[in-house]
Structure formats: structure tokens, C-alpha cells
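The values are calculated or read from the model by the stated rules, or taken from the named source; none is laboratory data. As the structure is a prediction and not an experimental result, all values here were calculated from the model. So basically every Cβ, Gly included, is an ideal-geometry build from the backbone, and we count neighbours across all protein chains shown.
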């Protein structure tokens, strides 16, 4: 179903510049006619409180939903909230998207824990048999408990038609190669052992075979808010296809829209191709 600009102008005019910017990104990747199911997953752990209070989550959600509305099959984005539990919140479209975050905060008190495995399990249960690709926008502020369970779920999901775009809100921007780098660690020296690593892993110089490398340790120590786990998902082995990507933003409101949409489409098109080749789609 095509999202008509006239409808946007009438129902949510503030989304128009975001729609136009994200539409250019989709066209660049030849995805202007793409159809998928889009899901938003929001971290409601207690550590997220200041990000909700400063409305940074609201800003990021508005920008990412503007992209999702354009290729979601019915222009209604499914929403899941999680802390120590996962909650199926419901659907939001252009008529009511502005109330999404506040609705969640009213219905679900912030929880004292962060467990990625719970929403990942819900995603697999709900969309594992989808006949459309499932594009997940996953917003968090840092690390997870039960890392092994989360890794196991993501490996299991690699055989399902689900791609997870992890998005962090942190004290600094963490960009993959090819994007402007603000307060991002410089690449590792050329003398470091060459391994096949993901874009962010290569950028930050982590994921090398030497677990006690001083260079590796220095770079890992500069990652904010326990994001090492999400960075290393880009290099995680044992998956049928690479089904996840990660970036983090310091300030979603001021981050350029065109670059944000470039980040959101950084690996998803490659996953579509790999999933088709692997007969997942």
C-alpha cells in the first residue's frame, strides 16, 4: 500500500520532510516499491528514564516510523516494549504515532532490568512464519542481561524472515564506515591481525583473535554504556545469514535525517538479498 503525500500532509504534516528524506533513501536502494512488516521495539528499562524525560526516544521514534510507514504492508507499525518482560503494545499509524511513546509509559512502568532475549523471542513467535520480510527497529540505551540467551535467540532468528536494526541512544555517535564520525574511535592500525568483521567492528578495531590485545582493550573501554555486546553482534558466528546491525546516536533530534535513513538502510538491503539466496524469503 503506497503512502500518499496528500494523506500525510492532511493527517501528519510534521512528517512530510521526514517522509521525503527517507523516500530518497529507499529509492537509492531500489526499495521504493518494497513491502514488509515493520516492528518497533522499545526498551522500557529504568535506565531509559532520562531519555524519555528529554524526549530523545520520542524524536528517534518519529524519525524511524516515518521510514517504516512507507513500506509497511498496512502502514500500521507493530510495537513491542520490554524491560525484564516483553509486552505486545499494539499498532500505530500516521493518525496516532505521536502518542505511541507516551501511551507505553502510561501502560507499562519502567522495569528494573534489560533482557533482549524476551522481545527477540516474541518477535520469533509472532513473525517467524511471516510471508513478508520483517524489519525491526530496536531502540535501547545499552547492554542486556542474559547475553547468551540473547545471542542464542538471534542465531535462531537468522533462519526466519526477520532483520533487527538495533539503535542505541548514548553519550556519543557510533557510526559504521562511510558515515561522518563524531567522537568515534579511530580504526585499528594496519598491523592488527586481519579477520572478517562487521563494519562497526572494523571501525572500532574489536573482534580480533587476540583477547588481551592492548589496542583492543583500549578501544573497547571507550565504548559508552556497555554497547560492546551490540557492536559484536555484527561479528557473531553461527547464523544462517547476518540478520542484525547496530548504530548509536548522541542526539536523535539534531542528527541529519538523510544520514539517519542511510544508517537504517545500511545492511537491510544486503540482508534481503542474502535471505532470498538462503531461501528464507
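Take residue 85 and decide whether it is surrounded by fewer than 23 Cβ atoms within 10 Å (Cβ to Cβ), farther than 15 Å from residue 139 by Cβ and modelled with pLDDT under 95.
Details: surrounded by fewer than 23 Cβ atoms within 10 Å (Cβ to Cβ): yes; farther than 15 Å from residue 139 by Cβ: yes; modelled with pLDDT under 95: no.
No; evaluated as a whole, the condition is false for this residue.
Among the residues of the stretch 238-251, are any farther than 24 Å from residue 153 by Cα and in a loop (DSSP other than H, G, I, E, B)?
Yes: the stretch 238-251 contains one or more residues that are farther than 24 Å from residue 153 by Cα and in a loop (DSSP other than H, G, I, E, B).
Give the stretch 268-281 a look and list any residue that's over 11 Å from residue 135 (Cα atoms) and either crowded, with 20+ Cβ neighbours inside 10 Å or touching a strand residue (DSSP E or B) at 6+ places or on another chain (Cβ under 7 Å) (or both), or say none.
275 - this is the single residue of the stretch 268-281 that is over 11 Å from residue 135 (Cα atoms) and either crowded, with 20+ Cβ neighbours inside 10 Å or touching a strand residue (DSSP E or B) at 6+ places or on another chain (Cβ under 7 Å) (or both).
Looking only at the stretch 28-47, how many residues end up being surrounded by fewer than 18 Cβ atoms within 10 Å (Cβ to Cβ), within 30 Å of residue 170 (Cα to Cα) and touching a strand residue (DSSP E or B) at 6+ places or on another chain (Cβ under 9 Å)?
So the answer is 1.
Which count do you get for residues in the stretch 148-166 that are more than 13 Å from residue 121 (Cα to Cα), in contact with a strand residue (DSSP E or B) (Cβ under 8 Å, 6 or more places away or on another chain) and outside any strand (DSSP E or B)?
1
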